[in-house]
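Scroll down for the structure; my scribbles are underneath it.
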Amino acid sequence: MARGFNYAPGASAEVDEAAQPGLSKERLTALGGSRNAMVREAIARREDCPFGLMVTLAHDHAPAVRVAIASNPRVLHSVLEYLSHDRHQEVQVAVVNNPATTPDILDALAASRKADVRVAAAAALEARAGGTTAEDLHTPELRDRVFEQSQARRQAMLEASAEQSLAAAADAAMSAATPPAAPAKPVEPLPARPTRSAPVRGFRPPVGS
């Protein structure tokens, strides 16, 4: 395929190849670098997409490619965490709907300012807990309750982390404030007192001849 040539949707030979099973890692990597966003999107959806290529495609400028990576059930947790902060709502919703997304990421997204992301995350949390269905979350009262529960869980996690940090800081401060005990100096023996002998009265030393 000539570089820079734009194919009509579905007309690219690379698009068809990207959907074929059994491609080698080298070929997947080559197709993942295609100039055609549809090819990159197709590769991003593949469960056999190399992990290194997943990281690269998570930074792709085309939102559809990032949505595809966010939807991949074999995507790395670190990639999902990164994409959960994506500026595009569609990418965040794809992260929510990915079965590989962990509860900590869902809790964070359930506190999103974007209503669609918040509702989708709350629905995912409730579905995993076996409480309600996604359709039930359209009820305003229930939706608000789920949001409050998610906020409470997130706040509890933050408070627990803060307590651990304070305890560690207190231990460090105590260690710094308590000076190490000085080693005991060895007790030196007192010097012997000189013995003074009094001269015997009337005794004269012999005079030498």
Taking only the alpha-carbon positions of segment 9-101 and ignoring solvent, what does the Debye formula give for the base-10 log of I(q)/I(0) at q = 0.17 Å⁻¹?
-0.63
Could you list Arg87, Arg118, Arg128 in order of exposure, starting from the residue whose Cβ has the fewest other Cβ atoms within 10 Å?
Arg87, Arg128, Arg118
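Every number in this text was worked out from the coordinates using simple rules, so none of it is lab data. On a predicted model such as this, the values are computed, not experimentally measured, just so you know. With ideal geometry, Cβ positions are generated from the backbone for all residues, glycine too; neighbour counts draw on all protein chains shown.
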